[in-house]
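The values are calculated or read from the model by the stated rules, or taken from the named source; none is laboratory data. Note that the structure is predicted; figures quoted are calculated from it, not measured. Cβ sites come from the backbone with ideal geometry, for glycine too, and all protein chains shown count toward neighbours. With ligands, DNA and RNA removed, areas are computed over all heavy atoms of the protein, side chains included. Shrake-Rupley method; radii C 1.70, N 1.55, O 1.52, S 1.80 Å.
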Amino acid sequence: MSIADRFAAEVRAAGRRGLDGPELLPERLARAAAAMLPVADASLSLLEGGDKRVPLGSSSPEAATAERLQFTVGDGPCMMAARLGEPVFASEDDLRRRWPQFTEQLFGQTEFRAIVAFPLLQALAGQGAMDLYFRRSERMSRLDVFEAMAVGDLITAALSDAAVFSEWTAELGPDWLHAPLARRRARVWQAMGRLSLQLDVEGPTALDLMRAHALGTMRSVDEVAADVLADRLDVEALRGTR
């Protein structure tokens, strides 16, 4: 059976486990990638310019947590792979050396100890990336890079094909941009806009303020954004968190 046939079978299997809506396509693809490759978990995301990282799907709640931690810190293997357009391999030692702040959060809240991040080809809505997570650095050697890249190409093709058949506009995008994880991240952009108006700062500064508060309180930016929108947070107090 070819890689494409095996991947398609795994995607169908994920659909039979309750992930059958068009907006849940990224979840199916992430689970298929994790099942196909010798990894612990996988996640998919888009980088829409600047710091606008949009999570699309994850193979498990732990993988979703890892994505939120990377976005909260503002840097990491996946964001680098998307920016550079080339794979990034990060063992436990690499993570500690290159991204100490992210690594402290990752090791404290997940069991992942190594990450391989692959850029995905343009999928009509931004520069994509696929994060592959490992519980031990030694298991990275089991990964066939060419097979992983082939899976990445299949993911890009599936997202692109689905976008073509979606009823989408430039503002809303294809159906798969409305997955649960992406909708949650959209609240961060809403909170950025509110803070920009209330504090008279630029959008990137508003995001930096939320990140600083999130790291100082051991939370994610997504959680801080929810508090901003629900008026549970004194936004003036954010000025002193930078």
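Data for the structure
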{"read-out": "Criterion: touching a helix residue (DSSP H, G or I) at 6+ places or on another chain (Cβ under 8 Å), of a type in the set (A, V, I, L, M) and farther than 21 Å from MET140 by Cα - qualifying residue of ALA30, ALA40, ALA4, ALA9", "value": "ALA4"}
{"read-out": "Any hit, segment 89-112, residues being modelled with pLDDT of 95 or more and in a strand (DSSP E or B)", "value": "yes"}
{"read-out": "Failed criterion for MET36 (all others in (1) within 22 Å of GLY203 (Cβ to Cβ); (2) open to solvent by 10 Å² or more (accessible area, probe 1.4 Å) hold)", "value": "(1)"}
{"read-out": "Long-range neighbours under 7 Å by Cβ, at least six apart or interchain, first residue in contact (Cβ under 8 Å) with a residue 12 or more places away in the chain and open to solvent by less than 10 Å² (accessible area, probe 1.4 Å) within segment 65-86, second among the aromatic types (Phe, Trp, Tyr) and part of a helix (DSSP H, G or I)", "value": "GLN70/PHE102; GLY76/PHE102"}
{"read-out": "Cβ pairs under 9 Å, 6+ apart, first in segment 4-23 and more than 16 Å from VAL151 (Cα to Cα), second polar (S, T, N, Q)", "value": "PRO22/SER166"}
{"read-out": "Count - residues of segment 1-30 that are open to solvent by 40 Å² or more (accessible area, probe 1.4 Å) and either within 19 Å of ARG183 (Cα to Cα) or not in a helix (DSSP H, G or I) (or both)", "value": "7"}
{"read-out": "Members of segment 198-242 that are open to solvent by less than 30 Å² (accessible area, probe 1.4 Å) and among the polar types (S, T, N, Q)", "value": "SER220"}
{"read-out": "Segment 111-161, subset open to solvent by less than 40 Å² (accessible area, probe 1.4 Å) and out of contact with any strand residue (DSSP E or B) (no Cβ under 8 Å at 6 or more places or on another chain), residue farthest from LEU37 (Cα to Cα)", "value": "SER160"}
{"read-out": "Residue that is farthest from LEU24 (Cα to Cα) [pool: residues in segment 175-188 that are in a helix (DSSP H, G or I) and open to solvent by less than 50 Å² (accessible area, probe 1.4 Å)]", "value": "VAL188"}
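Residue by residue, here is whether (1) at pLDDT 80 or above; (2) basic (Lys, Arg) holds:
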{"site": "GLY152", "(1), (2)": "yes, no"}
{"site": "ILE155", "(1), (2)": "yes, no"}
{"site": "ALA163", "(1), (2)": "no, no"}
{"site": "THR169", "(1), (2)": "no, no"}
{"site": "VAL188", "(1), (2)": "yes, no"}
{"site": "ALA191", "(1), (2)": "yes, no"}
{"site": "ARG194", "(1), (2)": "yes, yes"}
